[in-house]
1. Among all residue pairs at least 6 apart or on different chains, which show Cβ distances below 8 Å where the first residue, located in the stretch 146-162, is within 11 Å of residue 181 (Cβ to Cβ) and not assigned by TED's automatic domain parsing to the domain that holds residue 192 and the second is modelled with pLDDT of 95 or more and buried (at least 17 other Cβ atoms within 10 Å of the Cβ)?
2. Answer with yes or no whether residue 260 is in contact (Cβ under 8 Å) with a residue 24 or more places away in the chain, surrounded by fewer than 17 Cβ atoms within 10 Å (Cβ to Cβ) and not assigned by TED's automatic domain parsing to the domain that holds residue 52.
3. So which residues in the stretch 211-231 are in contact (Cβ under 8 Å) with a residue 24 or more places away in the chain and not in a loop (DSSP other than H, G, I, E, B), if there are any at all?
4. Go through the stretch 74-95 and give me each residue that's closer than 30 Å to residue 316 by Cα and either crowded, with 23+ Cβ neighbours inside 10 Å or in contact with a strand residue (DSSP E or B) (Cβ under 7 Å, 6 or more places away or on another chain) (or both).
5. Quick check on this structure: which one of 115, 120, 145 is surrounded by fewer than 18 Cβ atoms within 10 Å (Cβ to Cβ) and within 16 Å of the chain's Cα centre (by Cα)?
6. Can you say whether residue 105 is within 14 Å of the chain's Cα centre (by Cα) and farther than 24 Å from residue 268 by Cα, as far as the supplied structure shows?
7. Output the number of the condition that residue 235 fails; it satisfies all remaining conditions of (1) without any contact (Cβ under 8 Å) to a residue 60 or more places away in the chain; (2) touching a strand residue (DSSP E or B) at 6+ places or on another chain (Cβ under 9 Å); (3) farther than 30 Å from residue 153 by Cβ.
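The values are calculated or read from the model by the stated rules, or taken from the named source; none is laboratory data. Fair warning: this is a prediction, and the values are worked out from it, not measured in the lab. Glycine gets a Cβ as well: all are built from the backbone with ideal geometry, and neighbour counts include every protein chain shown.
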(Lines give C-alpha, C1' and ligand atoms only; values in the text may rest on other atoms or scores of the structure.)
Protein backbone atom coordinates (compact mmCIF):
# COMPACT_ATOMS: atom_id res chain seq x y z
CA UNK A 1 0.00 0.00 0.00
CA UNK A 2 1.48 3.37 -1.07
CA UNK A 3 1.19 6.10 1.54
CA UNK A 4 -0.87 9.11 0.55
CA UNK A 5 1.38 11.37 2.67
CA UNK A 6 4.48 12.59 0.92
CA UNK A 7 7.07 15.20 1.70
CA UNK A 8 8.05 16.79 -1.56
CA UNK A 9 11.70 17.69 -1.55
CA UNK A 10 13.15 19.23 -4.70
CA UNK A 11 12.46 18.42 -8.33
CA UNK A 12 12.95 14.65 -8.04
CA UNK A 13 10.33 14.33 -5.33
CA UNK A 14 7.93 16.53 -7.29
CA UNK A 15 8.45 14.37 -10.37
CA UNK A 16 7.82 11.25 -8.29
CA UNK A 17 4.60 12.75 -6.94
CA UNK A 18 3.39 13.54 -10.46
CA UNK A 19 4.25 10.04 -11.56
CA UNK A 20 2.34 8.57 -8.61
CA UNK A 21 -0.67 10.76 -9.41
CA UNK A 22 -0.68 9.55 -13.01
CA UNK A 23 -0.53 5.92 -11.93
CA UNK A 24 -3.38 6.20 -9.42
CA UNK A 25 -5.62 8.46 -11.44
CA UNK A 26 -4.93 11.50 -9.25
CA UNK A 27 -7.50 13.41 -7.25
CA UNK A 28 -8.88 12.62 -3.81
CA UNK A 29 -10.72 9.41 -4.71
CA UNK A 30 -7.56 7.35 -5.15
CA UNK A 31 -9.44 4.15 -6.11
CA UNK A 32 -8.72 4.08 -9.83
CA UNK A 33 -7.04 0.72 -9.28
CA UNK A 34 -10.34 -0.82 -8.15
CA UNK A 35 -10.78 -3.70 -7.90
CA UNK A 36 -7.65 -5.05 -6.27
CA UNK A 37 -9.28 -7.92 -4.36
CA UNK A 38 -12.00 -10.51 -4.94
CA UNK A 39 -15.63 -9.37 -4.92
CA UNK A 40 -18.46 -11.12 -3.07
CA UNK A 41 -21.79 -11.41 -4.90
CA UNK A 42 -24.69 -12.00 -2.48
CA UNK A 43 -27.77 -13.89 -3.70
CA UNK A 44 -30.98 -13.81 -1.66
CA UNK A 45 -32.15 -17.24 -2.85
CA UNK A 46 -30.90 -20.78 -2.54
CA UNK A 47 -28.57 -22.28 -5.13
CA UNK A 48 -30.23 -23.63 -8.27
CA UNK A 49 -33.04 -21.11 -8.67
CA UNK A 50 -33.53 -18.33 -11.18
CA UNK A 51 -31.81 -15.66 -9.10
CA UNK A 52 -28.83 -17.95 -8.52
CA UNK A 53 -28.59 -18.89 -12.20
CA UNK A 54 -28.66 -15.26 -13.32
CA UNK A 55 -26.17 -14.18 -10.67
CA UNK A 56 -23.62 -16.87 -11.45
CA UNK A 57 -23.90 -16.30 -15.19
CA UNK A 58 -23.39 -12.56 -14.70
CA UNK A 59 -20.55 -12.99 -12.21
CA UNK A 60 -18.68 -15.18 -14.68
CA UNK A 61 -18.79 -12.47 -17.30
CA UNK A 62 -18.01 -9.66 -14.85
CA UNK A 63 -14.84 -11.48 -13.81
CA UNK A 64 -13.58 -11.11 -17.38
CA UNK A 65 -14.21 -7.37 -17.27
CA UNK A 66 -12.81 -6.69 -13.80
CA UNK A 67 -9.90 -9.13 -13.72
CA UNK A 68 -10.69 -10.48 -10.23
CA UNK A 69 -12.68 -13.41 -8.89
CA UNK A 70 -16.33 -12.84 -7.99
CA UNK A 71 -17.48 -15.24 -5.30
CA UNK A 72 -21.23 -15.97 -5.33
CA UNK A 73 -22.61 -16.43 -1.82
CA UNK A 74 -26.18 -17.61 -1.21
CA UNK A 75 -27.92 -16.10 1.83
CA UNK A 76 -31.57 -17.19 1.61
CA UNK A 77 -34.12 -16.50 4.31
CA UNK A 78 -36.95 -14.21 5.43
CA UNK A 79 -38.33 -13.65 1.92
CA UNK A 80 -34.91 -12.44 0.77
CA UNK A 81 -34.55 -9.78 3.46
CA UNK A 82 -31.69 -11.65 5.16
CA UNK A 83 -29.44 -11.02 2.16
CA UNK A 84 -30.71 -7.50 1.55
CA UNK A 85 -30.07 -6.42 5.13
CA UNK A 86 -26.63 -8.01 5.03
CA UNK A 87 -25.66 -6.07 1.89
CA UNK A 88 -26.92 -2.81 3.40
CA UNK A 89 -24.62 -3.31 6.41
CA UNK A 90 -21.42 -3.81 4.41
CA UNK A 91 -18.83 -1.14 3.64
CA UNK A 92 -19.66 0.72 0.41
CA UNK A 93 -16.28 -0.06 -1.12
CA UNK A 94 -17.47 -2.11 -4.10
CA UNK A 95 -16.28 -5.43 -2.74
CA UNK A 96 -19.78 -6.56 -1.76
CA UNK A 97 -22.51 -6.49 -4.39
CA UNK A 98 -25.66 -8.55 -4.81
CA UNK A 99 -28.56 -9.68 -6.94
CA UNK A 100 -31.44 -7.24 -6.54
CA UNK A 101 -34.81 -9.01 -6.99
CA UNK A 102 -38.20 -7.36 -7.39
CA UNK A 103 -38.90 -8.04 -3.71
CA UNK A 104 -36.44 -5.28 -2.78
CA UNK A 105 -39.22 -2.86 -3.77
CA UNK A 106 -41.90 -4.85 -1.91
CA UNK A 107 -40.56 -6.02 1.46
CA UNK A 108 -40.54 -2.60 3.09
CA UNK A 109 -44.33 -2.58 2.70
CA UNK A 110 -44.55 -5.94 4.47
CA UNK A 111 -42.87 -5.11 7.79
CA UNK A 112 -39.32 -6.01 6.70
CA UNK A 113 -36.39 -3.66 7.28
CA UNK A 114 -35.66 -3.19 3.58
CA UNK A 115 -35.60 0.22 1.91
CA UNK A 116 -34.29 1.04 -1.60
CA UNK A 117 -32.55 4.15 -0.21
CA UNK A 118 -30.07 1.84 1.54
CA UNK A 119 -28.57 0.75 -1.78
CA UNK A 120 -26.78 1.89 -4.91
CA UNK A 121 -28.36 0.21 -7.92
CA UNK A 122 -25.93 -0.71 -10.71
CA UNK A 123 -28.22 -1.96 -13.46
CA UNK A 124 -31.09 -4.29 -14.34
CA UNK A 125 -30.08 -7.53 -16.04
CA UNK A 126 -33.19 -9.69 -16.57
CA UNK A 127 -36.95 -10.08 -16.35
CA UNK A 128 -39.21 -13.09 -15.81
CA UNK A 129 -42.67 -11.95 -16.95
CA UNK A 130 -45.61 -13.16 -14.88
CA UNK A 131 -48.09 -15.55 -16.49
CA UNK A 132 -51.63 -16.42 -15.36
CA UNK A 133 -52.50 -20.01 -16.28
CA UNK A 134 -55.42 -22.37 -15.75
CA UNK A 135 -55.58 -26.17 -16.00
CA UNK A 136 -55.84 -27.50 -19.54
CA UNK A 137 -59.44 -28.63 -18.95
CA UNK A 138 -60.52 -25.35 -17.34
CA UNK A 139 -63.73 -23.77 -18.65
CA UNK A 140 -61.92 -20.42 -18.86
CA UNK A 141 -60.52 -19.86 -22.34
CA UNK A 142 -59.48 -16.21 -22.02
CA UNK A 143 -58.44 -13.78 -19.31
CA UNK A 144 -61.77 -12.01 -19.63
CA UNK A 145 -63.61 -15.34 -19.12
CA UNK A 146 -61.63 -15.82 -15.94
CA UNK A 147 -62.20 -12.28 -14.67
CA UNK A 148 -65.93 -12.32 -15.38
CA UNK A 149 -66.29 -15.59 -13.48
CA UNK A 150 -64.26 -14.16 -10.59
CA UNK A 151 -66.69 -11.26 -10.33
CA UNK A 152 -69.46 -13.76 -9.63
CA UNK A 153 -67.60 -16.11 -7.30
CA UNK A 154 -64.21 -16.30 -5.63
CA UNK A 155 -61.57 -18.16 -7.63
CA UNK A 156 -58.38 -19.59 -6.14
CA UNK A 157 -54.98 -18.58 -7.50
CA UNK A 158 -51.77 -20.39 -6.55
CA UNK A 159 -48.58 -18.38 -6.20
CA UNK A 160 -44.98 -18.63 -5.00
CA UNK A 161 -45.72 -17.63 -1.41
CA UNK A 162 -47.15 -14.96 0.81
CA UNK A 163 -45.59 -11.62 -0.06
CA UNK A 164 -44.16 -12.85 -3.35
CA UNK A 165 -44.31 -10.98 -6.64
CA UNK A 166 -46.76 -13.55 -7.98
CA UNK A 167 -49.16 -13.08 -5.07
CA UNK A 168 -48.91 -9.31 -5.70
CA UNK A 169 -49.75 -9.98 -9.36
CA UNK A 170 -53.03 -11.64 -8.39
CA UNK A 171 -53.76 -8.78 -5.97
CA UNK A 172 -53.11 -6.28 -8.78
CA UNK A 173 -55.43 -8.10 -11.17
CA UNK A 174 -58.16 -8.30 -8.54
CA UNK A 175 -57.92 -4.57 -7.89
CA UNK A 176 -57.86 -3.63 -11.57
CA UNK A 177 -60.72 -5.90 -12.60
CA UNK A 178 -62.85 -5.88 -9.46
CA UNK A 179 -62.48 -9.66 -9.25
CA UNK A 180 -62.63 -11.98 -6.24
CA UNK A 181 -59.34 -13.91 -6.11
CA UNK A 182 -58.21 -16.02 -3.17
CA UNK A 183 -54.44 -16.31 -2.72
CA UNK A 184 -53.14 -19.87 -2.26
CA UNK A 185 -49.43 -19.59 -1.37
CA UNK A 186 -46.92 -22.34 -2.11
CA UNK A 187 -43.21 -22.63 -1.45
CA UNK A 188 -42.13 -21.41 -4.87
CA UNK A 189 -43.48 -20.99 -8.38
CA UNK A 190 -42.93 -24.62 -9.41
CA UNK A 191 -45.21 -26.08 -6.69
CA UNK A 192 -47.84 -23.49 -7.60
CA UNK A 193 -47.74 -24.67 -11.21
CA UNK A 194 -48.00 -28.29 -10.06
CA UNK A 195 -51.11 -27.42 -8.06
CA UNK A 196 -52.73 -25.87 -11.13
CA UNK A 197 -51.83 -28.82 -13.33
CA UNK A 198 -53.43 -31.12 -10.74
CA UNK A 199 -56.60 -29.05 -10.59
CA UNK A 200 -56.13 -28.15 -6.92
CA UNK A 201 -56.69 -24.47 -7.74
CA UNK A 202 -58.53 -22.52 -10.40
CA UNK A 203 -55.36 -20.84 -11.66
CA UNK A 204 -51.73 -20.08 -10.92
CA UNK A 205 -49.47 -17.08 -11.38
CA UNK A 206 -45.78 -17.81 -11.89
CA UNK A 207 -42.84 -16.75 -14.00
CA UNK A 208 -42.70 -17.58 -17.68
CA UNK A 209 -39.79 -19.93 -17.12
CA UNK A 210 -41.65 -21.84 -14.40
CA UNK A 211 -44.75 -22.07 -16.60
CA UNK A 212 -43.02 -23.03 -19.84
CA UNK A 213 -42.72 -26.80 -19.42
CA UNK A 214 -46.37 -27.38 -18.44
CA UNK A 215 -47.44 -25.04 -21.25
CA UNK A 216 -45.44 -26.90 -23.89
CA UNK A 217 -46.72 -30.25 -22.62
CA UNK A 218 -50.32 -29.08 -22.87
CA UNK A 219 -50.97 -29.36 -19.14
CA UNK A 220 -51.78 -25.68 -18.66
CA UNK A 221 -53.54 -23.00 -20.65
CA UNK A 222 -51.83 -19.64 -20.14
CA UNK A 223 -54.41 -16.87 -20.31
CA UNK A 224 -52.16 -13.82 -20.22
CA UNK A 225 -48.60 -12.59 -19.94
CA UNK A 226 -48.17 -9.59 -17.66
CA UNK A 227 -45.69 -7.85 -19.92
CA UNK A 228 -45.80 -5.09 -22.51
CA UNK A 229 -45.40 -7.58 -25.33
CA UNK A 230 -45.98 -11.28 -25.94
CA UNK A 231 -43.35 -13.71 -24.75
CA UNK A 232 -41.22 -15.00 -27.67
CA UNK A 233 -41.63 -18.59 -26.43
CA UNK A 234 -45.40 -18.19 -25.95
CA UNK A 235 -46.40 -16.29 -29.09
CA UNK A 236 -50.02 -17.43 -28.93
CA UNK A 237 -50.56 -16.10 -25.39
CA UNK A 238 -51.88 -12.52 -25.32
CA UNK A 239 -50.66 -9.84 -22.96
CA UNK A 240 -52.95 -8.68 -20.16
CA UNK A 241 -53.21 -5.33 -21.93
CA UNK A 242 -54.54 -7.02 -25.07
CA UNK A 243 -57.36 -8.40 -22.91
CA UNK A 244 -58.13 -4.93 -21.58
CA UNK A 245 -56.17 -5.00 -18.33
CA UNK A 246 -53.15 -2.72 -18.51
CA UNK A 247 -51.00 -4.57 -15.97
CA UNK A 248 -47.32 -5.47 -15.94
CA UNK A 249 -45.78 -7.72 -13.31
CA UNK A 250 -42.49 -9.54 -13.52
CA UNK A 251 -39.72 -11.08 -11.49
CA UNK A 252 -37.09 -8.56 -12.52
CA UNK A 253 -33.55 -8.65 -11.25
CA UNK A 254 -30.47 -6.47 -11.24
CA UNK A 255 -27.30 -5.70 -9.33
CA UNK A 256 -26.93 -3.52 -6.26
CA UNK A 257 -24.43 -2.53 -3.57
CA UNK A 258 -24.48 -0.74 -0.22
CA UNK A 259 -25.36 2.94 -0.59
CA UNK A 260 -22.48 5.39 -0.84
CA UNK A 261 -20.09 3.86 -3.38
CA UNK A 262 -17.28 6.20 -4.47
CA UNK A 263 -18.10 7.62 -7.88
CA UNK A 264 -15.27 5.87 -9.72
CA UNK A 265 -16.04 2.51 -8.08
CA UNK A 266 -19.70 2.94 -9.01
CA UNK A 267 -18.76 3.68 -12.61
CA UNK A 268 -16.40 0.70 -12.84
CA UNK A 269 -19.04 -1.69 -11.52
CA UNK A 270 -21.81 -0.24 -13.65
CA UNK A 271 -19.72 -0.63 -16.80
CA UNK A 272 -18.87 -4.22 -15.87
CA UNK A 273 -22.54 -5.04 -15.26
CA UNK A 274 -23.51 -3.55 -18.62
CA UNK A 275 -20.91 -5.48 -20.59
CA UNK A 276 -21.69 -8.72 -18.77
CA UNK A 277 -25.47 -8.35 -19.12
CA UNK A 278 -25.17 -7.70 -22.85
CA UNK A 279 -22.70 -10.53 -23.48
CA UNK A 280 -23.82 -13.38 -25.71
CA UNK A 281 -22.99 -15.97 -23.06
CA UNK A 282 -25.14 -14.33 -20.37
CA UNK A 283 -28.06 -13.73 -22.72
CA UNK A 284 -28.02 -17.35 -23.91
CA UNK A 285 -27.81 -18.73 -20.37
CA UNK A 286 -30.77 -16.85 -18.90
CA UNK A 287 -32.93 -17.11 -22.03
CA UNK A 288 -33.01 -20.91 -22.11
CA UNK A 289 -35.42 -21.28 -19.17
CA UNK A 290 -37.68 -18.51 -20.48
CA UNK A 291 -36.29 -15.38 -18.83
CA UNK A 292 -35.87 -12.21 -20.86
CA UNK A 293 -32.56 -10.32 -21.05
CA UNK A 294 -33.50 -6.75 -20.10
CA UNK A 295 -30.79 -4.19 -19.38
CA UNK A 296 -31.25 -0.83 -17.68
CA UNK A 297 -28.41 1.51 -16.71
CA UNK A 298 -27.78 2.38 -13.07
CA UNK A 299 -29.72 5.63 -13.38
CA UNK A 300 -32.62 4.00 -15.22
CA UNK A 301 -32.73 1.07 -12.83
CA UNK A 302 -32.71 3.32 -9.76
CA UNK A 303 -35.70 5.27 -11.09
CA UNK A 304 -37.44 2.01 -11.94
CA UNK A 305 -36.90 0.49 -8.48
CA UNK A 306 -38.23 3.64 -6.82
CA UNK A 307 -41.31 3.67 -9.04
CA UNK A 308 -41.91 -0.02 -8.32
CA UNK A 309 -41.54 0.68 -4.59
CA UNK A 310 -44.26 3.31 -4.83
CA UNK A 311 -46.50 1.06 -6.95
CA UNK A 312 -46.25 -1.92 -4.61
CA UNK A 313 -46.97 0.35 -1.67
CA UNK A 314 -50.36 1.02 -3.23
CA UNK A 315 -51.01 -2.61 -4.15
CA UNK A 316 -49.88 -4.21 -0.91
CA UNK A 317 -51.26 -1.46 1.27
CA UNK A 318 -54.75 -2.20 -0.01
CA UNK A 319 -54.66 -5.80 1.24
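1. Partner pairs satisfying both residue conditions: none exist.
2. Answer is no for this residue.
3. 211, 212, 214, 215, 220, 221, 222, 223, 224, 225, 226
4. Selection gives 74, 75, 80, 83, 84, 86, 87, 88, 90.
5. Testing whether each residue is surrounded by fewer than 18 Cβ atoms within 10 Å (Cβ to Cβ) and within 16 Å of the chain's Cα centre (by Cα) leaves just 115.
6. yes
7. Single failed check for residue 235: (2).
Quick grid of which residues meet (1) in a loop (DSSP other than H, G, I, E, B); (2) touching a strand residue (DSSP E or B) at 6+ places or on another chain (Cβ under 8 Å); (3) at positive phi:
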site	(1), (2), (3)
132	no, yes, no
144	no, no, no
156	no, yes, no
171	no, yes, no
190	no, yes, no
193	no, yes, no
200	yes, yes, no
